[in-house]
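To start, the structure itself, in structure tokens.
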Amino acid sequence: MGRILAVRMYDKSIVASGNSLVSDAAGTILKNGGNAFDAVVAAGFAAAVTEPMLTSLGGGGLMLAHSEDRGEKVFFDFFVNTPGKGVKESIAEQDFFPVAVNFSGSSQIFNVGLASVAVPGILKGLLHIQKRLGRMGLQDVTAPAKEFALGHAVNSRQGHFLKLLRPITILTDKGRCLYEPGGNCIKEGDKLVNRETADFLDQLCVEGDESFYRGEIASKIDYEMKNGGGLLTARDLATFEVHERNPLAVSYRDHVLLTSPEPSMGGTLIGLALSLLGAGELPDYKWGSGKYLVNTVALMREVERLRMAGITSPSALNTFLGNNKKMAKARTNIRLFSRGTTHISVADSRGNCASMTCSNGEGSGYFAPGTGVMLNNMMGEDDLHPGGFHSTRAGKRVYSMMSPSLLLQDERVKLVLGSGGSKRIRTAITQVLRQVIEFNRPLQQAVNAPRLYLDEDCLQLEPGFTKGAVERLKEEISVNVWDQQDMYFGGVHAVIPGSEGVGDPRRGGAVVSVSHK
């Protein structure tokens with residue numbers, strides 16, 4: 001089928017991400033004639049180099065695409081698989097162990113090592129998207145990442161992450177050489193150089209992902225895993241596939257939200273929250289008031305109750321909504337470190353839109369031989385494995401909370417958005433959407449506004465709400481008011497096609513706008 005190019009709809013293309021270099025990479029592609037998908041792929045490669053503690057070519061990702069050129073909307077699933085294909089018996093001494101990371105005033109345990117590595121999907125996903133929807137050559141879209149790999153200055157946020165996750169980065173000689181050259185941890189303003197990744201990107205442009213998934217690199221990974229207590233096999237890598245799925249569509253007021261189906265639980269839970277909100281009348285109270293906070297907590301409690309009752313998939317959500325319309329309407333009136341993840345939103349002048357979220361967990365500490373790429377530790381993330389570590393069959397997609405989304409009105413994309421932030425992804429996205437749609441707040445205000453998150457029996461609350469509203473909230477629940485806004489509460493990077501982009505300051509938000517006048 002031939003490719004039909006849509007006419008220009010807007011005078012500018014816009015990208016929003018969590019790093020200025022990542023946004024610059026996408027902006028360069030857009031200036032040079034690439035579309036939104038060329039740009040998001042370039043940004044994905046660039047993020048893997050400049051945000052190494054958040055994402056990696058050895059991690060997993062999800063992307064939602066609206067192709068105006070092709071007249072289609074596609075959800076790309078390239079999240080990680082459970083490893084272990086071809087492993088005939090359990091490895092007696094798995095390389096799987098906890099590492100304590102010290103945050104300000106507290107510490108958190110992460111599980112790392114070779115047995116924490118799930119089957120990586122980001123590399124295959126980026127190449128798949130580029131071939132499927134991009135217009136430019138692979139050498140063009142990887143050029144910014146290669147430039148950064150040859151040397152770029154570490155910004156304050158990445159310097160902070162490198163310091164926090166030092167117990168993981170220095171687990172191997174490769175990690176120490178890369179992130180602690182000369183015995184000193186790389187910090188803000190230092191130059192980070194990863195020549196192996198630069199050379200690997202050159203290799204990709206010649207042979208694609210052949211070596212990584214089926215050739216020499218895959219064989220070396222297989223060998224080191226077998227001899228080091230890991231579970232990832234050559235067969236796991238060779239059989240990994242990118243899945244194209246239909247997005248989950250949820251009606252919300254006079255809009256439709258397209259968001260993540262399985263393997264994401266996050267999209268379903270966002271859809272559940274919006275469906276409960278949309279079943280009632282528009283709010284008769286102001287955003288930020290005590291009543292707003294109390295009702296938001298009530299909504300969070302109800303969504304959590306329904307999640308525990310099994311509404312974690314699109315099919316379960318559709319069944320619930322079909323059988324409980326009256327009940328759903330009544331419920332709206334009831335009184336009521338976050339994981340390493342990065343998000344990129346792009347809308348080009350022709351109306352093509354891409355929303356992509358990628359994650360490497362915190363990283364396993366293990367580098368794929370000859371690539372400079374640290375693989376993920378998704379098998380060591382407790383909230384992704386409610387049945388226990390290594391309890392799922394080999395080849396099964398691991399579930400995620402990542403929820404790249406598009407908001408439509410009258411079949412046209414009105415907002416491209418997504419967030420990092422583990423369990424807080426869904427609440428961050430829901431709160432931004434609610435402000436924009438129900439309270440008619442400008443996008444910049446909606447993203448910057450203080451957020452809340454129900455953490456079991458305690459409500460985590462960012463500063464910025466009035467004293468009276470907080471006191472009203474304390475009548476309902478125990479409240480922990482933070483001293484400042486924090487990346488814990490997510491990082492929503494969003495774009496209104498043809499109009500504006502907003503990067504969340506909690507996660508280094510950076511916007512690039514390219515004029516086509």
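Within the straight-line cut-off of under 21 Å between alpha carbons, the lysines reachable from LYS467 are LYS286, LYS291, sequence neighbours fewer than 8 places apart in one chain being disregarded. In order along the stretch 294-309, the phi-based Karplus estimate (6.51 cos²θ - 1.76 cosθ + 1.60, θ = phi - 60°) of 3J(HN,Hα) comes to 5, 5, 5, 5, 4, 4, 4, 5, 5, 4, 5, 4, 6, 4, 5, 7 Hz; Gly and Pro are listed as x. Given R0 = 45 Å, the distance between the Cβ atoms of ASP483 and ASP284 translates into a calculated FRET efficiency of 0.90.
Where a ≥ b ≥ c are the square roots of the eigenvalues of the C-alpha gyration tensor, would you call the stretch 470-517 rounded, which needs a/c under 1.5, or, failing that, prolate if a/b is larger than b/c, or oblate? Each step should come with its number before you reach the end.
Numbers: a/c = 5.08, a/b = 2.78, b/c = 1.82.
The shape class here is prolate.
Hey, with R₀ at 51 Å, roughly what FRET efficiency would SER315 and GLU180 work out to, going by the Cβ-Cβ distance, to 0.05? Result of the calculation: an efficiency of 0.60.
Enter the Cα centre distance for the pair the stretch 453-495 and the stretch 282-301, rounded to the nearest angstrom. Between the Cα centres of the stretch 453-495 and the stretch 282-301 lies a distance of 13 Å. For the listed residue pairs LYS85/LYS131; LYS88/LYS396; LYS163/LYS220; LYS146/LYS174, the alpha carbons are over 23 angstrom apart in LYS85/LYS131; LYS163/LYS220. Within the same chain, lysines fewer than 8 places from LYS414 are excluded, and of the rest, those with a Cα less than 23 Å from its Cα are LYS12, LYS31, LYS73, LYS517. By the helix-only formula, in which each DSSP H run with n ≥ 4 contributes -39500 (n - 2.57) and the sum is divided by residues, the chain has a 222 nm mean residue ellipticity of -10500 deg cm²/dmol.
Which FRET efficiency value, to the nearest 0.05, do you get for ARG253 and LYS396 by plugging their Cβ-Cβ distance into 1/(1 + (r/R0)^6) with R0 = 45 Å? Spell out each step's value before the answer.
Details: r = 36 Å, r/R0 = 0.81.
The calculated FRET efficiency here is 0.80.
Distance from a point 7 Å along Cα→Cβ of GLN445 to each backbone N in the stretch 277-319: keep the residues under 12 Å and list them by number. Counting only backbone N, you get 286-288. Neighbour counts of other Cβ atoms within 10 Å put THR427, THR233 in the fewest-to-most order THR233, THR427. A Cβ-based charge dipole, computed about the Cα centre of the chain with Lys and Arg at +1 and Asp and Glu at -1, lands at about 1140 debye. Taking 0.36 nm per residue of separation and subtracting the Cα-Cα distance, full extension of the segment from GLU244 to GLU216 would add 7.3 nm.
What is the extension gain from ARG307 to GLU93, computed as 0.36 nm multiplied by their sequence separation minus the C-alpha to C-alpha distance, in nm to one decimal? Walk me through the numbers on the way to the answer.
On the way: separation 214, 0.36 × 214 = 77.04 nm, distance 3.53 nm.
Length gained, ARG307 through GLU93: 73.5 nm.
A protection proxy built from the mean count of other Cβ atoms within 10 Å ranks the segments 130-136, 238-244, most packed first, as 130-136, 238-244.
When a/c reaches 1.5 or more, the comparison of a/b and b/c decides; with that in mind, is the stretch 334-487 rounded, prolate or oblate per its Cα gyration tensor? The shape class here is oblate.
PRE reach from GLU475 (point 7 Å along Cα→Cβ): which of the stretch 298-318 fall under 18 Å by backbone N? Zone members listed by number: 298-299. Given the choices [x] 77, 49, 46; [y] 62, 54, 45; [z] 73, 59, 42, Cα extents along the principal axes in Å derived from the coordinates of this structure is entry [y]. Projecting the Cα positions of VAL141, ALA198, SER156 onto the charge dipole of the stretch 118-218 (unit charges on Cβ atoms of Lys, Arg, Asp and Glu, taken about the Cα centre) puts SER156 furthest along the positive direction.
Here, each number is a calculation from the coordinates, and none is a lab measurement. Owing to the predicted nature of the structure, the values given are computational and were not obtained by experimental measurement. We place every Cβ from the backbone using ideal geometry, glycine too, and count neighbours over all the protein chains shown.
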